[in-house]
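Every number in this text was worked out from the coordinates using simple rules, so none of it is lab data. As the structure is a prediction and not an experimental result, all values here were calculated from the model. Don't worry about glycine lacking a Cβ; one is built from the backbone with ideal geometry, like all the others, and counts go over all protein chains shown.
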Amino acid sequence: MGDSTEMPAEQSSPWTVMDVAEFMHEDTEEIICPWCGYEFQDSWEFEENGEHDCYECEKPFKFCRIIDVTYDTERIEP
Ligand SMILES: [Zn+2]
């Protein structure tokens with residue numbers, strides 16, 4: 001038994017709507033309509049979370065902005 005498929009660990013290529021099998025979206029950089037897959041280009045103008053109608057299919061959906069906080073540190077001379 002061998003593993004014939006190689007999965008690249010880190011792929012920098014942007015994700016496309018076509019790759020998505022089902023329209024539930026998490027961790028996307030823009031708001032994606034869970035009905036039709038439409039990608040909002042102005043997600044940053046939206047509230048942190050709420051409800052919106054899709055521009056494309058006009059169906060309502062809920063969205064939530066995930067804010068991931070990370071920290072960097074480096075030494076400074078005392
Ligand atoms: Zn839509």
Practice problem: Could you work out how far apart the two model spin labels at Asp72 and Glu45 are, taking each label as a point 7 Å from the Cα in the direction of the beta carbon, and quote it in nm? | Solution: 3.1
Quiz prompt | Packing rank of 65-71, 43-49, where each peptide gets the mean count of other beta carbons within 10 Å, highest leading | solution = 43-49, 65-71
